[in-house]
Amino acid sequence: MTVALPEKVLLLGSGALKIGEAGEFDYSGSQCLKALDEEGVYAVVVNPNIATLQTDPPRRGRVYFQPLTPEFVAPILAAERPEGVLLSFGGQTALNCGVRLSDRGDLARTKTRVLGTPLTGIRSTEDRAKFVRAMANARVPTLPSRAVYSYDEALAAAEELGFPVIVRVAYTLGGRGGGIARDRAELAEVVGRGLRASPVGQVLLERWVGAFKQLEYEVVRDARGNALTVCNMENVLAMRVHTGDNVVVAPSQTLTDAEYQMLRQAALRAAEEVGIVGECNIQFCLDPTSEEYYAIEINARLSRSSALASKATGYPLAYVAAKLALGYTLPELKNRITGVTTACFEPALDYVVVKLPRWDLDKFARADRRLGPSMKSVGEVMGIGASFPEALAKAVRMSDPRADLLPPAEVRAPREVLEDLAHPTPDVLRCALEALRAGVDPATVSRVSFIDRWFVDALSEIEATDRALAAGRGAPIPTELLRRAKELGFSDRAIGRASQRDEEEVRRGRLESGVRPRVRMIDTLAGEWPARTNYLYLTYRADADDVRPMPSGSVLVVGAGPYRIGSSVEFDWSTMNLVDGLKAEGVPGVALLNSNPETVSTDYDRSDRLYFEEITLERVRDIQDFESFGGVVTCVGSQLAQNLTPLLHMCGVPILGTASESIDTAEDRARFARLLERLAIPQPAWRAFRTVEEASAFADEVGYPVLVRPSYVLSGQAMRVIAGRADLGRFLSEAARVSPEHPVVITKFVEGADEVELDAISDGERVLVAGILEHVERAGVHSGDAIFCLPPRHTPEEVQQQLLSAAGRLARTLAIRGPFNVQFLVKDREYQIIELNLRASRSLPFLTKATGVPLLREAARAMLGRPITREGVAPLPPGRWGVKVPQFSFLQLAGSDPLLGVEMQSTGEVACFGPTFSDALVKALVATGVRLVPRRGTAFLSVGGPRLKEELLPVAERLRALGLKITATEDTGAFLAGRGLKGVRTLHKVSEPDRHPNVMEELDRGKVDLILNVPLSLTQEKFERMLEDEYVLRRRAVELGVPLFTSLEAFAAYVEGVAWLEEHPLTVDALYGTPEPGAPRGAPSQQIPVVPRRKRARARRRRRAT
Amino acid sequence: MVGYPESLTDPSFRGQILTFTYPLLGNYGVPPAGARDRTGLPILESEEVQVRGVVVRGTTPPSHWSSSRSLAQWMAEEGVPGVRGVDTRRLTEHLRSNGVVRGVVDVAAADAPPSDAELARAIAHAPGYAEENYMAEVAPKSPAVLGRSKGPLVAVLDCGVKASILRALLDRGVAVLRLPYDHEVPTRWDGRRVQGLLVGNGPGDPAELAPTIEELRRPSTRALPTLGICLGHQLLALARGATTFKLKYGHRGQNKTICFADGRALIVSENHGYAVDARSLRGTGLESWATNPDDGTLEGFRDGSGRVLALQGHPEGHPGPQEASFAFDRFVGKVKRRA
């Protein structure tokens, strides 16, 4: 059959990474682009996510860094006139945007077809009532449920269905805003929250089936109606935990053939009814004691689960879905992994896959740690093994190399452990192991945890083996026991700890006994057909390797592991750009190591060989023992990979790039300080301490505030700015943050300084500076949470020259070969260096895209010992401004405080470009979901301390001039009024609900459109009452979606942007692209009506409140 | 990974040592001994474990509400030995390139394992696969009518047919006359007219089943609406003068694709090492209906009149997909129209 291919299509991305919508959509979008490119289709990509691979300069197409809202996409449609639009590769964001484009008539007006699953089908999966009807037509049972629009309706429905009920919110990601209600009080809370979170003011009540098994099927279907399921997956923590936070195993482990096929056939019928063309994910719940089942939901698009299923099976779902959307049928497509068999088949797995989420809840002050129907994890990993314990143990180490599944030798009383087990947190599996060790029988563990007995039995086996190792300590470990432990996934370190041995001794012993892992291939066919693939994992339950080592001189690039706070899709971008750079430089073979299924780098055909494995010393050495790589690259995979550098170096593994000694110099505070002194580069006063007393004396000497941190940190873990002596003592003694083994470093914290970063590539002689980035916020906000501006707005030229010179001296002295990043403080035309990272930084994709200079290609040259081809500062095209804005996920993390500080909290970022700073900033803010304040809206200002109040004054005057109403706290209001600002209304505190007008009341009534809250002190220990007050306010602002700023500088920039909008249209331009086959059409600047008129905004909010 | 109780009781595997590519087996245990459905058929595929041995990478303790015993207990009760701890991926690759090979599973005391030489001797002295008469073990000894349906009577030439195939017929409201594989297909039985014929799966080389092929050639048999499945597919082809051959890579698993002439494709369960030569259909009155997209081999045929329908795969699933079960609907529809 010949397919009538469109010439040009529009692909919507998913925007910034947020909880519930992360890097998996860079993978699906990139696969889609690969498919389009193969067919010669011109692809127009809209995605403001600067750190993605899908927004790299395209081979055939154009890229827009614009918000994914109809206001911004409609002008692109009008200018580009694509024949079709693809909505299913950019998560819920793209789907919602597409639905709204259709509702507004933009698609019809521009004659743009939706490719793939038609909109009617999409709607029948998004609207619960339509969904229930569709499933009934398909003879697929659904849970009885009621859609409600108010609390009263909710109460009636809950009483009919019977408590507990689960509340779900229409059109949101990751179950955002939903929850379980066991009684009326909980119902009021959850329904209230859900109605506010829902864009259509609707929530759904359902019978609670938390103890049921939770199963998912990934269905592929073509326009002819050919359909199959690529994979099924089982959620180990049953229905009660959101699948995004669940431990997921593929294929299902506790289903019979009858159950498997019953659900599979239901999934196929459902996909048929909905009219899926491409891919969808269907979720079921199944009674663990009968064959009673219900369909829970359908995602009529690529999803986190589909990315996982692709990696779990080797079946490229997004790629196939894109081809099907273009009109191909399944039998016409080849299985990409085997190259010879058809894509119309169901993969056979001869291994077990375990997905484990990565949570970073400890990074969020006050966040609720309990797992439930709302997703809280920020990333995930996937362990592959020949048994469930092996795959699980791998996944645990993948999620955190220091993590340990095994329970402590000293366990708590069974009752205490069971209490914990009944309320799952990220520690739930470890807790189950602790219960087993405490002597609780497996049946009870299963009953209390809702974890199927099958999985509990597997945990028992792990626990028993750990005890067996401990029992024989002292004596040599019998080979049989050693082999069993390795087959169950024990690391050498875990075996060492149990048997009281050194990790190295265990490794030596096991290699002498011939106990080593084998390299296995994922071929989608379980070996039944000869397939040569490059998708590999290691297992101890195998007798032979499936492949031979790569050609001599090949290189291993270590990836960045799971997405987490501080390490996200930007490092996958660095990893892949370096892989491409090394290939282009003619390296005989480039292998890749990563553990994160949500990435492009784990797409098996992007490198010559993919090891889907742990990023641990033990595993890299295992792989190196087998491959004998000519070099290993650890500088593009974030701090996780970087931390391996000294260890690998000590084990004799050749490191490609900057030498381990240099990295040690940069990361060891004392050595680094000596180097800076020698090079006459200024640095803040600092010292390392082992006792509270010494620390306190130093802080007194340099003066508060001080910055306290341990060495070797990523994303500011456990860093804190301390304002006074009492706080210092308290902070250091709690959780034993300082000890002789773990010294802390105390640095003088420079207040009121600007923070500036510089990214560069060096070959040891020459330096190519990618750019100088200025933070909009003053120092004190983590670099990952700051708004970046390019080029610098405030940093004087002469200071910039000094920074370049300092970077050059560092590069030559440390013989840097590859990427590096330097962070500076600038105050009063003086600079100080605060950090040097000898690895690819978070900002590299932003600079590469803004300048168009392929920085990592140069880095690849440098790392191979070749001279780089450019020097100096990469030029920014004249008239181009770029602004990077962080994306936060505070709404998804119930209770978390949105106050920014030295600990990173953002989950993603966007960047937009324009002819002015304000143009780029406003677009980038809108792209992260920040609402623009309506004309004649109301701002609420609350700023601590006289200095900041002084600085606030001009900003407040500007707001007033823009016609906004100003409200403020008593203090701030009195100050502004005292300085002659007219019409400032004072609102009373949260903690004084009886005094009116009250800020909380006004906020809840939708009468506050913009909030600035800069707390007085940088510490949270002081003034607890007042701080508590402000916390409640900030939290409510997050829940209501009211724009909130906790930094005056960012707020001022926002106000400046709003003022700019009064006079200027926003620009909608592609950043780059290739010529089109037909006549070139550019998108002119457009007037975008992004500022809502006051009336409309308020009416909308009122509707929601009811 | 699902479907091991069904596979182990599938008479097609009679006399074979079965290995599984999935590294874990026994996860959901085994239903109680003698469990039957409402028609009196065993809920698994036959009355007993049919394989002679099982080779797996690992087993796990069972967990399922429908389970009454572990896989190991079941096999011990049935006296069938198994081996675990074998790298079955390697074994699969070996079987893939060498075809089905002869093997031996020996049960011995842990402290007195058999020597390699002893094992080699055991293999050398074992009868060849083709030398054994499986039909004597899997086919019924005498005819019997199944089901109390007053609907039309369908004869099944039983060469080791799976219970699920019989169940698929009974579920569609027909009565089943179960005949030994070499039995004549009567035109009437017990006063009722035989309205259709099904030839199902079974062990062994199709070319060895001369009596069945002869029976299928008889004009009165040829006049019946007929459905062939798996071995039945091959026997019908042979009876009409087509030929079969041994596949380089057998089709075994629950994930096989068959493509129909109109562009539709289905996933089916398959288990066959022989295939019908598509070219040999010429002049037989049969036409190709479905093919395998990977190696182009024949997956189904029909005759010009639409009376004969045959699939190489298993429309009944058990284990595996049941999308092709429309073949039963079509067949029973024809039978009912004729009646």
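Where a number appears in this text, it was derived from the coordinates with a stated rule and is not lab data. None of these values were measured; they are calculated from a predicted model. Quick reminder, even Gly has a Cβ in these numbers, built from the backbone with ideal geometry, and neighbours come from all protein chains shown.
If you average the C-alpha positions of the stretch B:285-332 and of the stretch A:979-995 separately, how far apart do those two centres end up, in angstrom?
The stretch B:285-332 and the stretch A:979-995 have Cα centres separated by 79 Å.
Which distance in nm do the two modelled labels at B:E47 and A:A726 give, with both placed 7 Å along the Cα-to-Cβ direction?
In this crude spin-label approximation the distance works out to 8.8 nm.
Let me check against my output: what whole-number percent is the relative contact order of the stretch A:8-115, with C-alpha pairs under 8 Å and at least 6 apart?
33 percent
Can you give me the Rg/Rh ratio for the stretch A:589-631, using Cα atoms for both radii and the Kirkwood formula for Rh?
Across the stretch A:589-631, the Cα-based Rg/Rh ratio is 0.96.
Given all pairs of different Cα atoms, what value in angstroms does the Kirkwood hydrodynamic radius of the stretch B:208-287 take?
Taking every pair of different Cα atoms in the stretch B:208-287, averaging 1/r and inverting gives 13.9 Å.
Subtract the Cα-Cα distance of A:M650 and A:K130 from 0.36 nm times their separation in residues, and report this length gain in nm to one decimal.
Result: 181.0 nm gained on full extension.
Short version: what are the Cα gyration tensor semi-axes of the stretch A:891-940, square root of 5 times each eigenvalue, largest first, in whole Å?
23, 18, 10
Using modelled amide H (1.01 Å from N, peptide plane; none on Pro or chain starts), what sits under 5 Å from the amide H of A:E777, excluding residues fewer than 5 places away?
A:I787
In chain A, what % of DSSP beta bridges are antiparallel (nearest 5)?
So the antiparallel bridges in chain A amount to around 70 percent.
Calculate, in whole percent, how much of the Cα-Cα pair population of the stretch A:78-155 lies beyond 18 Å.
Looking at the stretch A:78-155, the distances longer than 18 Å represent 53 percent of pairs.
In the stretch A:8-115, what is the volume of the convex hull around the alpha carbon atoms, normalised per residue and reported in Å³?
Given the Cα convex hull of the stretch A:8-115, per-residue volume reads 81 Å³.
Between A:S513 and B:L247, with labels modelled 7 Å along Cα→Cβ, what's the label distance in nm to one decimal, could you check?
Computed distance between label sites A:S513 and B:L247 equals 4.2 nm.
Tell me, what HN-Hα J-couplings in whole Hz come from the Karplus equation 6.51 cos²θ - 1.76 cosθ + 1.60 at θ = phi - 60° for each residue of the stretch A:34-51, using x for Gly and Pro?
4, 5, 5, 4, 4, 8, x, 8, 7, 10, 9, 9, 10, 6, x, 6, 5, 8
Could you compute the net charge surrounding B:Y4? Neighbours are other residues with a C-beta less than 11 Å from the C-beta of B:Y4; K and R count +1, D and E count -1.
Charge balance in the 11 Å sphere: -3.
Inverting the mean 1/r over all pairs of different Cα atoms, compute the Kirkwood radius of the stretch A:1-65 and quote it in Å.
Across the stretch A:1-65, the inverse of the average 1/r is 12.2 Å.
Between A:V200 and A:R109, what FRET efficiency follows from the Cβ-Cβ distance if R0 is 22 Å, with the result rounded to 0.05?
0.40
Residues with amide H under 5 Å of A:N998's amide H, sequence separation 5 or more or different chain, H placed in the peptide plane at 1.01 Å from N; which?
Hits under the 5 Å cutoff: A:H988.
For a footprinting-style exposure proxy, rank B:H183, A:H242 by other Cβ within 10 Å, fewest first.
Lowest count first: B:H183, A:H242.
Work out how much length B:F326 to B:R192 would gain on full extension: take 0.36 nm times their residue separation and subtract the Cα-Cα distance, in nm to one decimal.
45.6 nm
Write down the percent of antiparallel bridges among all DSSP beta bridges whose residues are both part of the stretch A:8-115, to the nearest 5.
Roughly 5 percent of the beta bridges in the stretch A:8-115 run antiparallel, per DSSP.
7 Å from Cα along Cα→Cβ at both A:T813 and A:L5: what's the point-to-point distance in nm?
In this crude spin-label approximation the distance works out to 5.5 nm.
I'm a student and want to see the number: the projected area of the Cα convex hull of the stretch A:595-659, averaged over all directions, in nm².
Seen from a random direction, the Cα hull of the stretch A:595-659 projects 4.4 nm² on average.
Angle between the Cα long axis of helix B:88-98 and the longest principal axis of chain B, 0 to 90 degrees, nearest 10?
For helix B:88-98, the angle is close to 50 degrees.
So how long is each side of the stretch A:754-925 along the principal axes, counting just the alpha-carbon atoms, biggest first, in Å?
That works out to 50, 34, 32 Å along the principal axes.
Per residue of the stretch B:116-125, what does 6.51 cos²θ - 1.76 cosθ + 1.60 with θ = phi - 60° give for ³J(HN,Hα)? Whole Hz please, x for Gly and Pro, Karplus curve as stated.
4, 5, 4, 5, 4, 5, 4, 5, 4, 8
Expressed as a whole number of Å, what is the distance separating the alpha-carbon centroids of the stretch A:229-243 and the stretch B:13-67?
So the two Cα centres are separated by 25 Å.
If you take the alpha carbon radius of gyration of chain B and divide it by 2.2 N^0.38 Å, what ratio comes out, to two decimals?
After normalising by residue count via 2.2 N^0.38 Å, the value is 1.00.
Please report, in whole Å, how far the alpha carbons of the protein assembly as shown spread along each principal axis, starting with the longest.
That works out to 111, 72, 66 Å along the principal axes.
Debye sum, Cα scatterers, the stretch A:796-860, no solvent: what log₁₀ I/I(0) at q = 0.16 1/Å?
-0.61
R0 = 51 Å: FRET efficiency of A:K827 with B:H94, Cβ-based, nearest 0.05?
Plugging the Cβ-Cβ distance into 1/(1 + (r/R0)^6) gives 0.10.
Average the reciprocal distances over every distinct pair of alpha-carbons in the stretch A:141-354, invert the result, and give the Kirkwood radius in Å.
After inverting the mean inverse Cα-Cα distance, the result is 18.2 Å.
If you take the alpha carbon radius of gyration of the stretch B:4-101 and divide it by 2.2 N^0.38 Å, what ratio comes out, to two decimals?
This ratio for the stretch B:4-101 stands at 1.10.
Averaged across the residues of B:260-266, what count of C-beta atoms belonging to other chains lies within 10 Å of each residue's C-beta?
If you average over the peptide's residues, the count of other-chain Cβ atoms is 5.
Straight distance only, please: which lysines reach the Cα of B:K141 with their own Cα at less than 23 Å, same-chain residues fewer than 8 apart left out?
By straight Cα distance, B:K141 reaches B:K162.
How many percent of DSSP beta bridges within chain B run antiparallel, rounded to 5?
Of those bridges, close to 50 percent are antiparallel.
Expressed in nm to one decimal, what extension gain is obtained for the pair A:L481 and A:A365 from 0.36 nm per residue of sequence separation less their Cα-Cα distance?
Extending this stretch completely gives an extra 37.4 nm.
If the label point is 7 Å along Cα→Cβ of A:T120, which residues in the stretch A:294-338 have backbone nitrogen under 17 Å from it?
Under cut-off, by backbone N: nothing.
Out of residues 5 or more away from B:L25 or on other chains, whose amide H comes under 5 Å of its own, with H placed 1.01 Å from N in the peptide plane?
HN-HN under 5 Å from B:L25: B:G58, B:T59, B:T60.
Could you work out the mean count of beta carbons from other protein chains within 10 Å of each residue's beta carbon in B:288-296?
3
Any idea what the relative contact order of the stretch A:754-925 is, in percent, if you count C-alpha pairs under 8 Å spaced at least 6 apart?
Relative contact order comes out at 27 percent.
Return the FRET efficiency for the residue pair A:E38, A:A1059: r is the Cβ-Cβ distance, R0 is 51 Å, and the value is rounded to the nearest 0.05.
That gives a FRET efficiency of 0.60.
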